[in-house]
Amino acid sequence: DAEIGRVARRGPLHGVPIALKDLIAVAGVKMTGGSRVLADHVPARDAFVTRRLKEAGAVLLGKLAMHEFAFGRPVTEGAFPTGRNPWDVRRSPAGSSSGSAVAAAAGLCAGALGSDTGGSIRGPAAMTALVGVKPTYGLVSRSGVLALSWSLDHVGPMTRGVWDSAVLLQAIAGADPDDTSTRGAATQDYVGRLEDGVRGLRLGLLKRYYVDFPGLHDEVRAAALAAFDVLRKEGATIEEVDAPSLDLALAVWAPLMSEAYEYHAETLRRSPEKLGEGLRTRVYFSALFTAQDVQRAQRLRARIGREVDALLSRVDALIFPGQAMPALRFEDFPSTGFAPASIRYTAPWNLLGLPAVVVPSGFTREGLPVSIQLVGRRFDDAMVLRVARAYERATEWHRRRPDPARWRL
């Protein structure tokens, strides 16, 4: 505040408190990736996104807890205790960007950055009533960010509102010579189109994600159907569409996660005991895939992409529930740490590199947040944010806040 009084604003985020998932480098600040393996690691350089935030004037508050190396289980087996959901501390905020979700939802920061390889921004955002943005692959640099899977990793914002996420995305998007995936980055004005509404837009209601989807919670389905009606009333045309090949998405995503083994192979050989059991098990599993498995997965990836691109040539965005279920109690999590029904809603869009955003769409009878998800064409991130904002503006779900009086165990 004192600086604003003395000099011109440094950028659109001048004085705005932002926090970072603990796999994003800040020069001179410890970065652990949530693991004992990096307990004493201090980067010498800022990550690209860190540099962009500083240039925009943001105040960086600190680092946030996460599942170990973005691939561990939602239990305390890494370097720090696991995050708890501020809507019900007996429940998980999901992951792996658990701390980013908790901090933003609890109002400890104006927004946070997370990473998303199979849903690690959108899952926690959906569980904590946040807007979570997985940008188009190649729009936001990953240089200076601990990698999990180089062809699936994304970095994006998590905030209480669409406008805040759009401003953060505007700040961090763009080409970076240190990340070759950003060479074709086509940035847009993500804030300027937010208030354009949905009148005249065509939205594709992805049928297989809400009709008889195995594991879809009844209250999540009901909230999604109500959200679709809101968008119709706002002037959008909504039509049912389908992409049968999406049923293959997890069978494709899993072999590509073998990239994770490459990052952790040396630690597994030299000191596997330093890794938590959940991460260790998952990385060992990822090592079982052969080169032939990966090649087959890449062919199927292209097939799914062609089918989804054909859908998106007819509609402006796809719409469906954000997750299959509300937040789980810690003891109800599968031993794998994954909730398979929910990851089917998020992982396909990492696979295809398409922009995806979740936005709060209601609460269950137990007071747990639920969300809808929007997916758009490659590098048309502004469109999914525009639709998300139109829905947000027509509803009040994003204005509800968790009760701090309930944060004690």
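The values are calculated or read from the model by the stated rules, or taken from the named source; none is laboratory data. Note that this is a predicted model, so its numbers are computed, not measured. So basically every Cβ, Gly included, is an ideal-geometry build from the backbone, and we count neighbours across all protein chains shown.
Structure summary
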| item | result |
| --- | --- |
| Count of region 45-88 residues which are more than 14 Å from Ser100 (Cβ to Cβ), assigned to a loop (DSSP other than H, G, I, E, B) and at pLDDT 95 or above | 8 |
| Any hit, region 108-117, residues being surrounded by fewer than 24 Cβ atoms within 10 Å (Cβ to Cβ), more than 11 Å from the chain's Cα centre (by Cα) and under 21 Å from Ser361 (Cβ atoms) | no |
| Residues being over 25 Å from Val102 (Cβ atoms) and not in a loop (DSSP other than H, G, I, E, B) - total across region 285-333 | 28 |
| Considering residues of region 18-60 that are polar (S, T, N, Q) and crowded, with 24+ Cβ neighbours inside 10 Å only, the residue nearest to the chain's Cα centre (by Cα) | Thr50 |
| Checking Leu216 against (1) outside any helix (DSSP H, G or I); (2) surrounded by 23 or more Cβ atoms within 10 Å (Cβ to Cβ), the condition it does not meet | (2) |
| Selection count, region 79-95, where residues are more than 14 Å from Ala327 (Cα to Cα) and among the small types (Gly, Ala, Ser) | 1 |
| The listed residue being loosely packed, with under 14 Cβ neighbours inside 10 Å and among the polar types (S, T, N, Q), out of Thr290, Thr267, Thr281 | Thr290 |
| Where a residue in region 61-73 is surrounded by fewer than 24 Cβ atoms within 10 Å (Cβ to Cβ) and its partner, wherever it lies, is of a type in the set (S, T, N, Q) and part of a loop (DSSP other than H, G, I, E, B), with Cβ under 6 Å and at least six apart | none |
| Matching option when the condition is among the small types (Gly, Ala, Ser) and out of contact with any Leu (no Cβ under 7 Å at 6 or more places or on another chain), among Gly72, Gly62 | Gly62 |
| The one condition in (1) within 18 Å of Ala356 (Cα to Cα); (2) more than 21 Å from the chain's Cα centre (by Cα) that Ala166 fails to fulfil | (2) |
| Every residue from region 146-163 that is more than 15 Å from the chain's Cα centre (by Cα) and crowded, with 24+ Cβ neighbours inside 10 Å | Leu146 |
| Test: Tyr190 is part of a helix (DSSP H, G or I), out of contact with any Gly (no Cβ under 8 Å at 6 or more places or on another chain) and of a type in the set (Phe, Trp, Tyr) | no |
| Test set (1) among the β-branched types (Val, Ile, Thr); (2) in a helix (DSSP H, G or I); (3) at pLDDT below 95 - Val230 fails condition number | (3) |
| Filter result (among the β-branched types (Val, Ile, Thr) and over 23 Å from Leu38 (Cα atoms)) within region 145-192 | Thr159, Val162, Val167, Ile172, Thr180, Thr182, Thr187, Val191 |
| Verdict on Arg386 being closer than 23 Å to Lys207 by Cα, touching a Leu at 6+ places or on another chain (Cβ under 9 Å), in a loop (DSSP other than H, G, I, E, B) and of a type in the set (D, E, K, R) | no |
| Residues of region 232-241 that turn out to be charged (D, E, K, R), more than 10 Å from Gly200 (Cα to Cα) and surrounded by 15 or more Cβ atoms within 10 Å (Cβ to Cβ), as a count | 0 |
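A quick yes/no check of all residues on (1) charged (D, E, K, R); (2) free of Cβ contacts under 8 Å to residues at least 12 places away in the same chain; (3) under 22 Å from Met66 (Cβ atoms):
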{"position": "Pro244", "(1), (2), (3)": "no, no, no"}
{"position": "Ala249", "(1), (2), (3)": "no, no, no"}
{"position": "Ser286", "(1), (2), (3)": "no, no, yes"}
{"position": "Pro334", "(1), (2), (3)": "no, yes, yes"}
{"position": "Thr346", "(1), (2), (3)": "no, no, yes"}
